[in-house]
Amino acid sequence: MWRLERRFTAHLASEMDKRLHNELIRLTTELRELVSSSSTESIAGSCAAEVYTRLGVENESPKLSSEFRQLFFILGLMLSSPEPENPKPFTKANWERAKQLLEEVFGLYAFMFWPTDDEAPTNEWRVVREVAMPAFLHYFNNALLASKEQIVERVKNYLSPFDEYFRTTTGISASDELQITEWIGHSFQGQSDNLMKATEEVQYDKIAIEERAKLEGWDEVKFWEEARKQEAITHHTERLATGIQHFLKVRLEDIEREFGLDRAKAFWRLFVSKRGEGNKLTYLTERNIAEERPLFELEPGVASCPLVNALYFAVFNTGEQRLRDSSQREAFLRARDKALEREVRETLEKFFSDDAVILSNVYETEDLHNEHDLVMLWNRVLFVIESKASPPVEPFRDPEKAFRRISRAFRSDRGIQNGFDQANRLRKLVACSETLELYDVNRQIVCSVETSEISKTYLICVTRDNFGVLATDLSLLLQKADDEDYPWVLNILDLQALLEAWQYFKWGPQELCEYLDGRIRLHRKIFASDELDVAGYFVRHGDFHHLLELNADRIVLEPDYSKVFDQIYMTRYGAREVKYAPAEPVLTDARKILGREQAKSSDITTKDVFKIRKRNVHRKLTRTK
């Protein structure tokens, strides 16, 4: 991937509209200059504050649209400049300006796909960009959407089997990297708990002193004299100040004490980055050292970790990259496929319990033709599930090239189209046969059922990674007969989150089938970047009938719909109960958002959106020339 990124970036400037590129360079240069004069500690602290101050509280400042990527883009820019000798404070005003610049930089990448002055959008032009633009933005703007627990399981399932290789080549195994990362996470949780306790104690001391002052009629001199006496006894303010000073900092000597010198030094070498050692980052498409080494050195042996989840991601992502670039590549790819198949089976077994017959790696014929990863029969309903572990390909910036590359990958042996074709063969077999017989690898019949006993067949393709719009709207690329139902395509992490939510609400397979009946009819009607946005809509509104009945070119589902899954996840840690209370959806006319109040047509077309967004960005670029 890294080699491809470098080649991709080399063509970016020449392919991008000149005005857009000049604007991108101007914004990125200002952002680089903004961080170059401030200390690593202050910039990393601002990034941490952006995340932590939102936890459990309302924040008036707008949230970054692609928070993880944007925060690490600014941290990557920081690494490209040396630590200043006389650093300036990175003020609140600096941070707000940095956020504004980040939003504008990331927004420009979307505008690259709008037509230039000499382009006249045709239907083919739009078809290409409907695929290329969301695939590009999804690939470069989105980080792995997973909980800490899910990343831990990924490391154990996909990397730990290669521990000996990692230990030989890097000096530390993936399991040991994970263990140290979890230890750092627990340490940060302890720091946070101590800070909260110290804050409460300081507040208690303050209130107690104020009440005594009021009762005894102290003047200001007396008040501060007694306050100093109180602090001399409790040391709460001192402990609070010390806690703030050490918050989110990692010390090499502490890791050495817990895990030994060799493992600690290997971990430090792999995941600590220093100012001035990063590449001169300019484009989102470039390799970003900040994401690979998310511990930022403050002084020798001391580093700041503004987002501990980023460290989990780095352990997983860099480990996989090493395996893909090594002699272990083929063994890793085979193990990756098998690991995903196990995950899918275990997830479905947990949800369906003993109510379903689940068969793995079965064949349609005695001579072992047409294999299926998973076949499941529940209450006269047949589920055919295929697993695809290959990740999305990196899209080219040029829409035509990107479309061809994405389409080839989608229809390859490891792609979603192939998963559908595999599953669809069995659906056709059920439709034209009286008896369905399936065989195991030993050529023994493991399933024999009269097809008249099968009332419905669902096709499911579970990917390991998130394919964004390419999975949520299969009409963009999937080839099928007009009278055939679409399959359900989603990644394993979303499948786990969705089924856990179903169980949380005490729903079962019947409710899952009700979801699927509506879901497979939404292709070509909705735009959603994630399956959990669609499932969140179902939870909030009870069903899909409003979407299915609406006459519209595309219905955009807000990403806020997926918040319900975060809320359910947080109930594990004491958050309040999430209640199922479906409500009518509020549908907003996109014409009004785009300033077309007087439009007469009830629909707004993709072509209209292209024209309006093009005019807006060209006005902006004209003003800034």
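The values are calculated or read from the model by the stated rules, or taken from the named source; none is laboratory data. Bear in mind the structure is a predicted one, so any value in this text is a computation, not a measurement. All Cβ positions, glycine included, derive from the backbone under ideal geometry; neighbour counts span all protein chains shown.
Total residues in the range 381-403 satisfying the condition of being basic (Lys, Arg) and modelled with pLDDT of 95 or more: the figure is 1. Screening GLU531 with (1) farther than 24 Å from LYS456 by Cβ; (2) of a type in the set (D, E, K, R); (3) touching a residue at least 60 places away in the same chain (Cβ under 8 Å) gives one miss only, at (1). Note on the range 136-174: among residues that are at pLDDT below 90 and aliphatic (A, V, I, L, M), the one that is farthest from ASP398 (Cα to Cα) is ALA146. The sole residue among VAL430, VAL446 that is in a strand (DSSP E or B) and either at pLDDT 95 or above or surrounded by fewer than 18 Cβ atoms within 10 Å (Cβ to Cβ) (or both) is VAL446.
Among the residues of the range 188-232, count how many are within 30 Å of ALA264 (Cα to Cα), in contact (Cβ under 8 Å) with a residue 24 or more places away in the chain and small (Gly, Ala, Ser). It would help to see each step written out before you state the result.
Residues of the range 188-232 within 30 Å of ALA264 (Cα to Cα): 188-196.
With in contact (Cβ under 8 Å) with a residue 24 or more places away in the chain added as a condition, the list becomes 188, 191-192, 194-195.
If we keep only those that are small (Gly, Ala, Ser) as well, we get 192.
The qualifying residues number 1.
Residues that are out of contact with any Leu (no Cβ under 6 Å at 6 or more places or on another chain), among the acidic types (Asp, Glu) and either within 20 Å of LEU557 (Cβ to Cβ) or part of a helix (DSSP H, G or I) (or both) within the range 463-519 comprise ASP473, GLU500, GLU511, GLU514, ASP517, listed in sequence order. When the range 257-295 is filtered for residues that are outside any loop (DSSP other than H, G, I, E, B), out of contact with any Ser or Thr (no Cβ under 9 Å at 6 or more places or on another chain) and within 27 Å of GLU85 (Cβ to Cβ), the ones remaining, listed by number, are TRP268, VAL272, SER273. Within the range 118-135, does at least one residue satisfy the condition of being touching a helix residue (DSSP H, G or I) at 6+ places or on another chain (Cβ under 7 Å) and aromatic (Phe, Trp, Tyr)? The answer is no, given that none of the residues of the range 118-135 is touching a helix residue (DSSP H, G or I) at 6+ places or on another chain (Cβ under 7 Å) and aromatic (Phe, Trp, Tyr). Do the conditions hold for LEU532, that is, is it in a helix (DSSP H, G or I) and in contact with a helix residue (DSSP H, G or I) (Cβ under 7 Å, 6 or more places away or on another chain)? So LEU532 passes the test. Pairs meeting the criteria (first residue in the range 326-340 and within 26 Å of HIS372 (Cβ to Cβ), second residue crowded, with 16+ Cβ neighbours inside 10 Å and of a type in the set (A, V, I, L, M, F, W, C), beta carbons under 7 Å, at least 6 apart or on different chains) are PHE332/PHE162; PHE332/LEU323; ARG336/ALA389; ASP337/ALA389; LEU340/ALA389; LEU340/ILE492. For the range 386-422, a residue qualifies if it is touching a residue at least 60 places away in the same chain (Cβ under 8 Å), touching a Phe, Trp or Tyr at 6+ places or on another chain (Cβ under 7 Å) and either closer than 21 Å to LEU459 by Cα or assigned to a helix (DSSP H, G or I) (or both), and the qualifying residues are PRO392, PRO399, ALA402, ILE416, GLN417.
Conditions (1) surrounded by fewer than 21 Cβ atoms within 10 Å (Cβ to Cβ); (2) of a type in the set (Ser, Thr, Tyr), marked per residue:
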| site | (1), (2) |
| --- | --- |
| LEU516 | yes, no |
| ALA528 | no, no |
| LEU532 | no, no |
| VAL539 | no, no |
| ASP543 | yes, no |
| LEU547 | no, no |
| ALA552 | yes, no |
| PRO559 | yes, no |
| SER562 | no, yes |
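Kindly indicate the residue of the range 407-438 that is among the hydroxyl-bearing types (Ser, Thr, Tyr) and under 38 Å from the mean Cα position of the chain (by Cα) and also nearest to LEU359 (Cα to Cα) among those meeting that condition. Full working, then the answer.
At the first step, the residues of the range 407-438 found to be among the hydroxyl-bearing types (Ser, Thr, Tyr) are 407, 412, 433, 435.
When the remaining residues are screened for being under 38 Å from the mean Cα position of the chain (by Cα), the result is 407, 412.
On the way: SER407: 31, SER412: 25 Å.
Here the residue is SER412.
Could you run through the range 106-120 and say how many residues are assigned to a helix (DSSP H, G or I) and either surrounded by fewer than 17 Cβ atoms within 10 Å (Cβ to Cβ) or at pLDDT 90 or above (or both)? Count: 2.
Looking at the range 324-333, can you tell me whether even one residue there is at negative phi, among the acidic types (Asp, Glu), at pLDDT below 95 and not in a helix (DSSP H, G or I)? Before you say what the answer is, go through the steps one by one.
Restricting attention to the range 324-333, the residues satisfying the condition of being at negative phi are 324-333.
The next check asks that each one be among the acidic types (Asp, Glu); those that pass are 325, 330.
Then drop every residue that is not at pLDDT below 95, which leaves none.
No, because not a single residue in the range 324-333 is at negative phi, among the acidic types (Asp, Glu), at pLDDT below 95 and not in a helix (DSSP H, G or I).
Looking across the range 142-186 at every residue that is assigned to a helix (DSSP H, G or I) and among the small types (Gly, Ala, Ser), the one that is surrounded by the most Cβ atoms within 10 Å (Cβ to Cβ) is identified as ALA174.
State all residues of the range 450-462 that are in contact with a helix residue (DSSP H, G or I) (Cβ under 9 Å, 6 or more places away or on another chain) and either outside the structural domain of VAL381 (by TED's automatic domain parsing) or part of a strand (DSSP E or B) (or both); if no residue qualifies, say none.
Filtering the range 450-462 down to residues in contact with a helix residue (DSSP H, G or I) (Cβ under 9 Å, 6 or more places away or on another chain) leaves 451, 454, 456-462.
Scanning the range 450-462 gives LYS456, THR457, TYR458, LEU459, ILE460, CYS461, VAL462.
Taking the range 360-371, which residues are of a type outside the set (D, E, K, R) and either surrounded by fewer than 20 Cβ atoms within 10 Å (Cβ to Cβ) or part of a helix (DSSP H, G or I) (or both)? Result: SER360, ASN361, TYR363, THR365, LEU368, HIS369, ASN370.
Only one residue in ARG19, ARG3, ARG7 is part of a helix (DSSP H, G or I), modelled with pLDDT of 65 or more and closer than 17 Å to TYR283 by Cβ. Which one? It would help to see each step written out before you state the result.
Values: ARG3 fails: modelled with pLDDT of 65 or more; ARG7 fails: modelled with pLDDT of 65 or more.
Going through ARG19, ARG3, ARG7 in turn, just one is part of a helix (DSSP H, G or I), modelled with pLDDT of 65 or more and closer than 17 Å to TYR283 by Cβ: ARG19.
Are any of the residues in the range 300-312 under 22 Å from the mean Cα position of the chain (by Cα), over 18 Å from HIS186 (Cβ atoms), surrounded by fewer than 15 Cβ atoms within 10 Å (Cβ to Cβ) and not charged (D, E, K, R)? The answer is no; no qualifying residue exists.
Looking at PRO62, is it within 25 Å of ARG26 (Cβ to Cβ), surrounded by fewer than 18 Cβ atoms within 10 Å (Cβ to Cβ) and touching a Ser or Thr at 6+ places or on another chain (Cβ under 9 Å)? Taking the combined requirement at face value, the residue does not satisfy it.
Tell me which residues, restricted to the range 181-224, are acidic (Asp, Glu) and closer than 24 Å to ILE151 by Cα.
Initial filter on the range 181-224 (acidic (Asp, Glu)): 182, 193, 200-201, 205, 210-211, 216, 219-220.
Within the range 181-224, GLU182, ASP193 meet the criteria.
Residues that are over 30 Å from THR168 (Cα atoms) and surrounded by fewer than 16 Cβ atoms within 10 Å (Cβ to Cβ): does the range 320-342 have at least one?
Step one: of the range 320-342, the residues over 30 Å from THR168 (Cα atoms) are none.
No, there is no match, as no residue in the range 320-342 is over 30 Å from THR168 (Cα atoms) and surrounded by fewer than 16 Cβ atoms within 10 Å (Cβ to Cβ).
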